[in-house]
Every structure is written in structure tokens, then in C-alpha cells.
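The values are calculated or read from the model by the stated rules, or taken from the named source; none is laboratory data. Remember, it's a predicted structure, so these values are computed and weren't measured experimentally. With ideal geometry, Cβ positions are generated from the backbone for all residues, glycine too; neighbour counts draw on all protein chains shown.
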Amino acid sequence: MTALAAVASGAVAALLVAGLLGLLPGRRARGRPAGAAARSGSARAKLRVAPADLRAAAAAMALGLVTFLLVVALTQTAAVAAVPALAVALIPRALAARRRSARLTAVRQAWPDALRELSASVGAGRSLTQALHELATDGPEALRGAFARFPILARTVGVPAALEVVRDELADPTTDRVVEVLLLAHEQGGSLVTELLRDLAEATTRDLHVAEEVATNALEHTINARAVFVLPWAVLVVLVTQAEHMRGFYQSAGGLVVIAVGAAASVLGMGLIGRLARHPVEPRVLAGSREGRP
């Protein structure tokens, strides 16, 4: 039975590491063009060997191993240590996801101020291209990096192509909409530019307020879900550490079954709560919308 538990723990750990490295087989998207699928596969292949992903996987393995050894030392029960170790091993991936979400949030929050700056610059007599140049140095911090090459690109390949480079670097649905309006404003020119920028700033601000309200309302449920997942396993570790008869039970076949059922219920519950509390991800339907246009 001990050998079976070791094999099961090893299999779960292997699946976890494979998931962190992006090596698990994925479903092929239906109805996607072959070229898009090839580009997507190429992008995934690049991401799989990215140093940041390798560092995250190494950190996950190290944290999981340290947690496993620490809990085993406290409880003298490998089965009890498996679930806390796997949960801790997921922390680097969760932190990486949080950083990506924070970056996208910063970009979305920066656009209303950037659009107001553009509107003010155009209203003061500058052209839209000159106003966009200023975002590289005087714009919101979250947008300066993406606009750093805009002045050079605008002179070499043109403003539309330079804006599309900015859109691809930021890779955000809000940016897609803003860039499409900026392209329209650049094409139309005249007094329409200021009106478009003002209306877009107001619409982006309203969308941002709605997104903040949704995130605030979901925060309490997310915290409760994580607490419900962590507390039973923390109590189990304390009980096994302090009570000899509890330790003996969880070292037996019956204890392994209880742990397996509890782990499955915890994973299922977290997955269900996570799906219910997940914010709908806005698709980038405008990304690449100008490809193929004359």
C-alpha cells in the first residue's frame, strides 16, 4: 500500500510538472484555419521553452518538495503531505497568472488618462501623430514601453503599422478597440479626431468602472473558497501531528482512501467555484482585423 501511494504521488507530481511546463496534450480547436493553428502551435512551442516558464517550474518543484518533506517530518505520513505539497507547488503559477492579470489591468486603467492626454494635445493644435509620440515619454507608465518605438516606426512604416505593433505588444481587448478608433481617427482627421477621442475616453472609463465592480464583488467569494480548501488540510496536519491514533489511521489503507476522496472533493470543489467565479474573458475579436486590407 505504501508503494501504491508513492506511485500515485509520483504520477500526480509528474502531471503537475507537465502542466506547469505546458507539455500536456491539448484539444485541437475546431474550425480554425491551418495557418492560424500553425502560428498558435509555434507560439506555444516558444512558450514551452521560455526561461521564465522553466524557472517557474523549477520553483514549483522545489517548493513542493520542501513542503512534502516538512509535512512528512511533522506527520510521518506521506499521504497527508501529498496534497499540501501539490497545493504549494501551484503557488508560482498562481503568482505568474496574477502578474499577467495585473499588467493587463494596469494597461486598461491607463487608457482613459492616455486618451484624455491625446484629446488635450490634439485640441491644443498638435496632430494625432505628434500626440501619440508624446505617449512614449509623457504618457501613463503602463503604456510607455509599448509606445517607446512608435516614433521611429511611424516614420519608417507609417502610423497605422506602428499602431498595430503597439496593439500586438499590449495584447489586450481594450487596446484593440482603442487602436481601431485611433486608426479611424488618423484616416478621417480634422475636427472629428477630438470628438472620437473624447467619446472613447468616456466609454473606456465606464467599462473600467464596471470591471472594477465585478472584481470587487467576486473577491469575497474567492477568499472564502480558498479558505474552505486550506482549512481542512491544515486541521488534518495538526491532528496527525499531535494524535498517535490519527497518525496510525492515515497510514493505513482506510486512511489513504479517505485522503484520496478528500483530495478529489477539494479539487472538484475548487474547480467548480473557480469556474463560477471566473470573470468572462473578452476575446480579442479586433486583433489583426486589418490584415489583408489594402
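Considering Leu256, Leu236, Leu231, the condition of being surrounded by fewer than 17 Cβ atoms within 10 Å (Cβ to Cβ), assigned to a helix (DSSP H, G or I) and either modelled with pLDDT under 85 or not small (Gly, Ala, Ser) (or both) is satisfied by Leu231 alone. Ala161 fulfils the conditions (1) in contact with an Asp or Glu (Cβ under 8 Å, 6 or more places away or on another chain); (2) farther than 14 Å from Ala114 by Cα except for a single criterion, (1). Please specify each residue of region 133-153 satisfying the condition of being over 17 Å from Ser121 (Cα atoms) and in a loop (DSSP other than H, G, I, E, B). Hits for region 133-153 are Ala148, Arg149.
All conditions in (1) modelled with pLDDT under 85; (2) aliphatic (A, V, I, L, M); (3) farther than 24 Å from Thr175 by Cβ hold for Leu69, with the sole exception of (1). Beta carbons closer than 6 Å, at least 6 apart along the sequence or on distinct chains, pair a first residue in region 194-209 that is touching a residue at least 12 places away in the same chain (Cβ under 8 Å) and more than 15 Å from Thr175 (Cβ to Cβ) with a second that is part of a helix (DSSP H, G or I) and of a type in the set (Val, Ile, Thr) for Thr194/Val122; Leu196/Val181. One residue alone among Ala171, Ala120 is within 30 Å of Arg55 (Cα to Cα), out of contact with any His (no Cβ under 8 Å at 6 or more places or on another chain) and small (Gly, Ala, Ser), and that residue is Ala171.
The single residue among Arg93, Arg99 that is assigned to a helix (DSSP H, G or I), crowded, with 16+ Cβ neighbours inside 10 Å and among the charged types (D, E, K, R) turns out to be Arg93.
Looking across region 36-66, the residues that are of a type in the set (Lys, Arg) and at pLDDT below 50 come down to Arg39, Arg44, Lys46, Arg48.
A quick yes/no check of all residues on (1) under 23 Å from the mean Cα position of the chain (by Cα); (2) under 16 Å from Asp113 (Cβ atoms):
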position	(1), (2)
Glu180	no, no
Leu197	no, yes
Val214	yes, no
Ile223	yes, no
Phe229	yes, no
Leu239	no, no
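What about Arg247, is it surrounded by 15 or more Cβ atoms within 10 Å (Cβ to Cβ), within 29 Å of Trp111 (Cα to Cα) and charged (D, E, K, R)? No, not satisfied. Scan region 188-224 for residues that are of a type in the set (Gly, Ala, Ser) and modelled with pLDDT of 80 or more and the total you get is 2.
Going through (1) of a type in the set (Gly, Ala, Ser); (2) out of contact with any Pro (no Cβ under 8 Å at 6 or more places or on another chain); (3) surrounded by fewer than 21 Cβ atoms within 10 Å (Cβ to Cβ) one by one, Ala131 falls short only on (3). Across region 182-209, which residue is nearest to Val159 (Cα to Cα) among those that are buried (at least 17 other Cβ atoms within 10 Å of the Cβ) and β-branched (Val, Ile, Thr)? Out of the qualifying residues, it is Val193.
Look at region 154-178 and say how many of its residues are under 24 Å from the mean Cα position of the chain (by Cα), in contact (Cβ under 8 Å) with a residue 60 or more places away in the chain and outside any loop (DSSP other than H, G, I, E, B). Total meeting the criteria: 10.
Considered as a group, the residues in region 140-165 that are closer than 24 Å to Thr105 by Cβ and either touching a Phe, Trp or Tyr at 6+ places or on another chain (Cβ under 6 Å) or aliphatic (A, V, I, L, M) (or both) include one that is surrounded by the fewest Cβ atoms within 10 Å (Cβ to Cβ), and that residue is Ala148.
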